[in-house]
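Here is the structure we will look at.
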Amino acid sequence: MSKKTNTPLLEDYLTTLLVDKGLSRNTFNSYRRDLTRFMVYLKKAGKGPTRATQKDVTAYLAELKALGLKPRSYTRSLVSIRGLYRYLLTKGKIKSSPCAYIELPRTEKRLPEVLTLKEVDRLLETPRADTPMGKRDKTMLEVLYATGLRVSELVGLRLNEVNLQTGCLTVVGKGSKQRIVPMGETSIRWLRRYLEGARPSILKGRDSEYVFVTNRGTGMKRWNFWNIIKGYGINSGIDRDKLKPHIIRHSFATHLVERGADLRVVQEMLGHADISTTQIYTHVRSERLKKLHKIHHPRG
């Protein structure tokens, strides 16, 4: 769907989302697609966004449901439309929102899969650290579990963002927001070994601003490292269904919460804008405790 379908009002709103709200590019593109589709629907009905009624919005949502849109995408579409009309209200372009009495559907929160401590240990011990590439992979896994970075943040890490003296990384996350993330002693030790020996060996005299590099001397791609994680996970005997892109990040956060880490601290390290996003790990902890009770208690 073309940007030309959109009205100046919608383009103003999208600009506000990008500039003022600091949305990530992926989230912004999702909002654009959702709202452009809604604009096409209204145009077919001979209306612009300021003339839409509650009936128009509910009919549009019913159409999405009939098309078999996934619950998460359906909810995001409604959130996108509600946001647009909140904006139009504040700008005085409409007197009331057509979404005012349309409630968001209740979606069941799926708890993230996490690795057990034994599984983490097996995964981290799988790479052969006696080769430059094996040492690189081992270091990446150690840093990932020690910091809870997103895979995209790890592969995008630059040399000037690493401070081995303080033991911290400067990470640029979603919405270009910067945060300082501490590393543990083990990951610092492996990172130092990699930077001093394995990395120069892989680069063979070539230059790169990226911490983790390929044998072509380039920075690693997200999908490339994710395939590496899957390979090591399968080799270490971890259930294939458990291996999902955020598995190590989820494990990092859950293990911290299980050991009494303050939720605000975990939020800061993960780079979550809202504490409610981080609270999912308290639910993961509760579910794990229930399972353990059921297995081990005589009356479980």
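Remarks
- Dipole moment magnitude, nearest 20 debye, the chain about Cα centre, only Lys, Arg, Asp, Glu C-beta charged: 1040
- Taking the centroid of alpha carbons for each part, the stretch 85-150 and the stretch 56-80 are 24 Å apart.
- Axis angle, to the nearest 10 degrees, between helix 71-90 and the longest C-alpha principal axis of the chain: 60 degrees.
- For the stretch 1-106, with +1 on Lys and Arg beta carbons and -1 on Asp and Glu, the positive-most of A45, L17, Y101 along the dipole: A45
- Rounded to the nearest 10 degrees, the inclination of helix 222-235 to the longest alpha-carbon principal axis of the chain is 50 degrees.
- Neighbour-limited loop hits for GluC sites (Glu not before Pro), the stretch 185-247 (at most 15 other Cβ within 10 Å; DSSP other than H, G, I, E, B): E209
- Theoretical ellipticity at 222 nm over the chain - DSSP helices of four or more residues, -39500 (n - 2.57) apiece, nearest 500: -17000 deg cm²/dmol
- Residue-by-residue Karplus 3J(HN,Hα) for the stretch 47-61, coefficients 6.51, -1.76, 1.60, Hz, glycine and proline x: 10, x, x, 7, 9, 5, 10, 4, 4, 4, 5, 5, 5, 5, 5
- Whole-number Å³ per residue for the convex hull built on Cα positions in the stretch 117-296: 124
- Annotation note: trypsin sites (Lys or Arg not before Pro) in the stretch 8-92 located in DSSP loop regions with a Cβ neighbour count of at most 14 within 10 Å are K21, K47, K91.
- Exposure proxy order (Cβ contacts within 10 Å, fewest to most) of D241, D262: D241, D262
- Proximal aspartates and glutamates to K65, defined as alpha-carbon separation beneath 14 angstrom and excluding residues fewer than eight positions away on the same chain: D34
- Amide hydrogen proximity for R158: with H placed 1.01 Å from N in the peptide plane, the residues at 5 or more positions away or on another chain lying under 5 Å are V211.
- At 1.567 mPa s and 4 °C, Stokes D of the stretch 3-90 from Kirkwood alpha-carbon radius, µm² per second: 98
- Fewest-first sequence of L141, L10 by Cβ atoms within 10 Å of each Cβ: L10, L141
- Nearest 10 degrees, 0 to 90: helix 25-44 Cα axis against the chain principal axis: 20
Readers should treat all values here as calculations from the given coordinates under stated rules, not as data from a laboratory. As the structure is a computational prediction, the values presented were derived from the model and not from experiment. All Cβ positions, glycine included, derive from the backbone under ideal geometry; neighbour counts span all protein chains shown.
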